[in-house]
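Heads up: the structure comes next, in structure tokens.
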Amino acid sequence: MTRATAHRARKERRCSDCRRTIKPGEVYVRHVASPNDPDVGNEGWWRLSECADCARRCGRGELIETRAAA
Ligand SMILES: [Zn+2]
């Protein structure tokens, strides 16, 4: 199973979806799957970063707003 959590970036990252740079201080969504996830088909830990725009477009805006307000 994959897990999506919102974080505030401490260093620059690249959105794995639109490829734009996520700057320090921006809130982004981190997706994590443990090794051998049947949905992802990964062998090791799998992580990706998703910028706020893409998260909102994919219906995860709530995660962003909750984190941004904290
Ligand atoms: Zn993006």
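The table below lists the values:
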| quantity | calculated |
| --- | --- |
| Surface share of carbon and sulfur [accessible, 1.4 angstrom probe, percent] for the range 2-69 | 44 percent |
| For the chain, calculated [θ]222 nm from helices alone, where every DSSP H run of n ≥ 4 adds -39500 (n - 2.57) | -5500 deg cm²/dmol |
| Fraction of the pair-distance distribution of the chain above 15 Å, Cα-Cα pairs, percent | 51 percent |
| Rounded accessible area per residue of the chain, 1.4 Å, Å² | 67 Å² |
| Relative contact order [Cα under 8 Å, 6+ residues apart], the range 2-69, whole percent | 33 percent |
| Heavy atoms of Lys11 accessible to a 1.4 Å probe, total area in Å² rounded to 10 | 120 Å² |
| Gain upon complete extension [Arg57, Val40; 0.36 nm per residue less C-alpha separation] | 4.0 nm |
| Cβ-placed point charges (K, R +1; D, E -1), dipole of the range 2-69 about Cα centre in debye, nearest 20 | 380 debye |
| The chain: Cys lacking any partner C-beta under 4.7 angstrom | Cys18, Cys54, Cys58 |
| Protein-only accessible surface order, largest first, of Asp53, Asp39 at 1.4 Å | Asp39, Asp53 |
| Low-density loop cleavage sites - chymotrypsin sites (Phe, Trp or Tyr not before Pro) in the chain, where at most 14 other Cβ are within 10 Å (DSSP) | Trp45 |
| Cβ-based charge dipole, the chain, positive-most Cα from Ser34, Ala69, Ala4 | Ala69 |
| Max mean-square fluctuation residue, GNM over the chain, Cα-Cα springs under 10 Å, options Arg13, Arg57, Arg47 | Arg57 |
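The values are calculated or read from the model by the stated rules, or taken from the named source; none is laboratory data. The shown structure was predicted, so the numbers you read here are calculated from the model rather than taken from an experiment. In this analysis, Cβ positions are derived from the backbone assuming ideal geometry, glycine residues included, and neighbour counts consider all displayed protein chains. With ligands, DNA and RNA removed, areas are computed over all heavy atoms of the protein, side chains included. Shrake-Rupley method; radii C 1.70, N 1.55, O 1.52, S 1.80 Å.
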